[in-house]
Amino acid sequence: MAAGGRGWFRALALGVSFLKCLLIPAYYSTDFEVHRNWLAITHSLPLSQWYYEATSEWTLDYPPFFAWFEYALSHIAKYFDPQMLVVENLNYASRATIFFQRLSVIFTDTLFIYAVHECCRCVNGKRAAKDILEKPTFILAVLLLWNFGLLIVDHIHFQYNGFLFGLMLLSVARLCQKRYLEGALLFAVLLHFKHIYMYVAPAYGIYLLRSYCFTANNADGSLKWRSFSFLHVTLLGLIVCLVSALSLGPFLVLGQLPQVISRLFPFKRGLCHAYWAPNFWALYNAMDKALTILGLKCNFLDGTKIPKASMTGGLVQEFQHTVLPSVTPLATLICTFIAILPSVFCLWFKPQGPRGFLQCLVLCALSSFMFGWHVHEKAILLAILPLSLLSIQRAKDAGIYLILATTGHFSLFPLLFTSPELPIKILLMLLFTVYSFSSLKSLFRREKPLLNWLETIYLIQLVPLEIFCEIIFPLTPWKWHFPFVPLLLTSVYCALGITYAWLKLYVSVLTERISVRQKAE
């Protein structure tokens, strides 16, 4: 990024940091207590008890690097309020505790800010603009730094996604800069902070194999097999092994690796979260509900044998569908693998450099979101943030981004269900959405419209849906008999948009023609 451009980037970073500080008194979810408990566990107990401690229901279920991260934070937390570090102090939330945990998220976001800066440096200058507000780098910086979903999930709901996405975006930037070993190291470290990023590991693995382990292509773009570098493979293998040994080694020595794995992959939690993530399984569950109601009306089903509020009563245990076949963890794994496979093939057989890698990364993230086991709605950010990098490059990707970001961000609304946060989430969502549409429309004003009329109508319908869920429905008697209806409608309607964006991106990638220059690269 040019020296003259550093002023506006600092202004954006400081502005969003100030906003985060204003959100410190806001509502926080049970995730606040989750992380307070992890602070207490790692500070008060020896390493051998970290993954066995179960005083609280919020047991430690993140990889070891994140546990060590909590351990490091705990040594600062003791100067704010030592009582937050007592394992038995369940649901402890003094003012000092709230202040410390909120500040810890804001401070660790520094890594995210740096990663965004590095990503902006990777943007080419083909679309030069006199006005700084129309520069692709400026638009990208706003889309990432001021991302609505990240703001409400981390700084209201409460989580540490900012610095984790910082690690991911920094690894992406390093790969774009052809600093492959740095990118591989950062991603390996990220996996041992939060294992949800395993979903995009195929994109990293194939891209590194294709671009780093094989050092040359033929003139027609096919792989030159003789260019294989055993040294490069060895270096990548060493990075993975050393990071894994540093993370899991202590627990392997203690004989606790199976216990750690069981905490990281708790399959007994069930197919869906209490609030269905807007994916394929939400549509599947809704279809099962509709068929169940139809079956009862037509006397095809026995009402006494059907459990009440089976999937929408807030429970997250294993569940058996009534009409459609029940889904197992293995079935979701197979579906996810099949969904990811075409994008991986494209990355291998139709290489397009960093752009192809980003496309594959987004498709891997979306495919796992669509078909994964017990997916949280917050996981949609894993696709939205990297898609931001593609949205400033081509009008087609910008259109897909607008659909996915708008729908995915709207699906996060149920996370903030308290009245004081209602105007905050609506205002922040409107500001970010209006900016996204106006900036990308201005960037691609010489091309055809980013959205067609049907896509526009679909997105506009989110407004009456929100009015019904937040204002009309609570005033009706249905609120007491069918309390799950707003969540059901939000999940299913957003699932349609996210599924459409996923399919549209896949069609775009599969049908895209590769130029001669791209093949040579």
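Every read-out reported here was derived from the displayed coordinates using simple, explicitly stated rules and does not represent laboratory data. Keep in mind that this is a model prediction, so the values were computed, not measured. Here the Cβ positions follow ideal geometry from the backbone for every residue, glycine too, while neighbour counts run over all protein chains shown.
Quick rundown of the values:
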{"item": "Pair-distance profile P(r), taking every C-alpha pair of region 142-202, with 5 angstrom steps and integer %", "result": "4, 18, 25, 21, 19, 10, 3, 0"}
{"item": "Listed residue pairs exceeding 18 Å between alpha carbons, taken from Lys396/Lys441; Lys135/Lys441; Lys396/Lys504; Lys378/Lys425; Lys20/Lys425; Lys289/Lys504", "result": "Lys289/Lys504"}
{"item": "Three principal axis lengths of region 368-493 [C-alpha, angstrom, descending]", "result": "51, 31, 28"}
{"item": "Region 235-292: Cα Rg divided by the 2.2 N^0.38 Å rule of thumb", "result": "1.85"}
{"item": "log10 of Debye I(q)/I(0), alpha-carbon scatterers only, for region 364-403 at 0.22 Å⁻¹", "result": "-0.69"}
{"item": "Separation of alpha-carbon centers, region 351-390 and region 213-237, rounded to whole Å", "result": "26 Å"}
{"item": "Region 414-424 - phi-based ³J(HN,Hα) in whole Hz, Karplus 6.51/-1.76/1.60, Gly and Pro as x", "result": "x, 5, 10, 9, 8, 4, x, 7, 4, x, 5"}
{"item": "Percent breakdown of C-alpha pair distances by 5 Å bin, ordered from the shortest bin, for region 138-244", "result": "2, 11, 18, 19, 17, 12, 9, 6, 3, 1, 0"}
{"item": "Globularity ratio of region 103-188, using Cα Rg and 2.2 N^0.38 Å", "result": "1.17"}
{"item": "For the chain, calculated [θ]222 nm from helices alone, where every DSSP H run of n ≥ 4 adds -39500 (n - 2.57)", "result": "-19000 deg cm²/dmol"}
{"item": "Backbone HN-Hα couplings from phi across region 359-370 [Karplus 6.51/-1.76/1.60, Hz, Gly and Pro as x]", "result": "4, 5, 4, 5, 5, 5, 5, 5, 5, 5, 5, 5"}
{"item": "Shape box of region 59-115 [Cα atoms, principal axes, largest first, Å]", "result": "37, 25, 17"}
{"item": "Residues with amide H under 5 Å from that of Leu223, placed H, sequence gap 5 or more", "result": "Asn218"}
{"item": "Pairwise centroid distance, computed over Cα atoms, of region 427-457 with region 16-65, Å", "result": "38 Å"}
{"item": "Fully extended contour minus Cα-Cα distance, from Ile457 to Cys241, at 0.36 nm per residue", "result": "72.7 nm"}
{"item": "Per-selection Kirkwood Rh - region 437-521 (Cα, Å, 1 d.p.)", "result": "16.4 Å"}
{"item": "For His321, distant residues with modelled amide H under 5 Å away", "result": "Ser326, Val327"}
{"item": "Radius of gyration and maximum dimension Dmax of the chain, Cα, Å", "result": "23.5, 73"}
{"item": "Vicinal HN-Hα couplings computed from phi for region 66-82 (Karplus, 6.51 cos²θ - 1.76 cosθ + 1.60; Hz; Gly/Pro x)", "result": "5, 4, 5, 4, 5, 4, 5, 4, 4, 6, 8, 4, 4, 7, 8, 6, x"}
{"item": "Amide H within-cut-off set for Cys272, under 5 Å, with H built and near neighbours excluded", "result": "His374"}
{"item": "Relative packing of peptides 160-166, 74-80 - highest average C-beta neighbours within 10 Å first", "result": "160-166, 74-80"}
{"item": "Convex hull (Cα only) mean projected area of region 16-150, reported in nm² to one decimal", "result": "9.8 nm²"}
{"item": "Value of relative contact order over the chain, rounded to a whole percent, pairs C-alpha under 8 Å and six or more apart", "result": "17 percent"}
{"item": "Mean Cβ count within 10 Å, highest first, over the residues of peptides 198-207, 462-471", "result": "198-207, 462-471"}
{"item": "For Lys20, net neighbour charge (Lys/Arg +1, Asp/Glu -1) across residues whose Cβ lies under 13 Å away", "result": "-1"}
